[in-house]
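The values are calculated or read from the model by the stated rules, or taken from the named source; none is laboratory data. These numbers come from a predicted model, not from an experiment. Glycine gets a Cβ as well: all are built from the backbone with ideal geometry, and neighbour counts include every protein chain shown.
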There are 2 protein chains.
Amino acid sequence: MQTIEQVLESKDIRVTAMRLLIYKFLAEKEVAVTLSDIEHAFVKADRTTLYRTIKTFEEKDIVHQIDDGTGITKYALCENGCNCEIETDLHLHFHCNNCNETICLTEHKIPQIKVPEGFVSENVNLVVKGICDKCSGQ
Amino acid sequence: MQTIEQVLESKDIRVTAMRLLIYKFLAEKEVAVTLSDIEHAFVKADRTTLYRTIKTFEEKDIVHQIDDGTGITKYALCENGCNCEIETDLHLHFHCNNCNETICLTEHKIPQIKVPEGFVSENVNLVVKGICDKCSGQ
DNA sequence: CAATAATTGCACTTCCATTGCAAGTATTAG
DNA sequence: CTAATACTTGCAATGGAAGTGCAATTATTG
Ligand SMILES: [Mn+2]
Ligand SMILES: [Mn+2]
Ligand SMILES: [Zn+2]
Ligand SMILES: [Zn+2]
């Protein structure tokens, strides 16, 4: 088990207080977060810093971006050993129409999608919408 | 074969010059269009009118919205007999990373996606990204 | 300790989406 | 046919998210 410091260093990112805090915040959340969520969690920090921190994380494949169709970009920590660099987002994402939260279903891989002759598939974004386990009351 | 006038009337939309023109524009395009595309095609009309026309079409299930991950909403005419109201976007969408165009693959239905216990799937958004038939040169 | 490099904060910008309100146009009732 | 009413269109303004230039601060290195 690596410490957060070790994770950052292994990706050639300097360890700063801000980065540790944001990493912890993401790790504690079991759902994908928006920049605005992070802003509300760290009101003292500047928006730009938060923005650039998450962008750094994204570049270095510490987080991946999720477009769940709400129009607002969300982010979630990559799984240990996730290969975002090679094939983006192999797992599917679930967006709850009730609580409006989006979560990674890391265990659920995206099935092979057939495309017509002449088309070349490079990657796939798949978002399932519906009611999440918490909201469905089971 | 219905005329455009008949299509609009059947959906309780008043026939206006603007609406006929925009409908025709969408019908002639084989790709999904942005509001900005429509704006460029109708420079004399006000942006708001174009916006509200497309929103009216969307409400009445004449067009469907496509979120292809570019951050800009696109629209495309619904197929004849499409059931947007009931289950949104059964077909998949393809976004070309080369020409930046998005098309409906109406023949390609989205496969059944399994979700974990407790989750209820209501609809699915699936966008495949890659190279389209025109750009792949076949 | 000084030089250098990276990070952070502030201010500003751009782009798309959306709304209030007034003016114009079509529809309906008398 | 005319007046009242409903709907459509245009203008102006707003809001929200994303992104950038630059200076100040902080950390790293020699
Ligand atoms: Mn994910
Ligand atoms: Mn479509
Ligand atoms: Zn929920
Ligand atoms: Zn193409």
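Here are the numbers:
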read-out	value
Top-ranked residue of region B:9-55 - restricted to ones that are surrounded by fewer than 11 Cβ atoms within 10 Å (Cβ to Cβ) and closer than 20 Å to B:His95 by Cα, ranked as nearest to ligand 3 (Cβ to nearest atom)	B:Glu30
Elements of type strands (runs of 3 or more DSSP E) contained in region A:49-138, each with 1 or more residues being within 12 Å of another protein chain (Cβ to nearest Cβ) and among the charged types (D, E, K, R)	A:102-109, A:120-131
Selection count where residues are more than 16 Å from A:Thr73 (Cα to Cα) and at pLDDT 95 or above, scope region A:30-42	2
Residues of region A:5-34 classified as within 14 Å of chain B (Cβ to nearest Cβ) and either within 16 Å of ligand 2 (Cβ to nearest atom) or in a helix (DSSP H, G or I) (or both), total	0
Among (1) in contact (Cβ under 8 Å) with a residue 12 or more places away in the chain; (2) near DNA strand C (Cβ under 10 Å from one of its atoms); (3) surrounded by fewer than 16 Cβ atoms within 10 Å (Cβ to Cβ); (4) among the acidic types (Asp, Glu) - the single one B:Glu58 does not satisfy	(3)
Flag for A:Val43 being more than 14 Å from every other protein chain (Cβ to nearest Cβ) and assigned to a loop (DSSP other than H, G, I, E, B)	yes
So B:Ile103, is it closer than 22 Å to B:Leu77 by Cα and modelled with pLDDT under 95	no
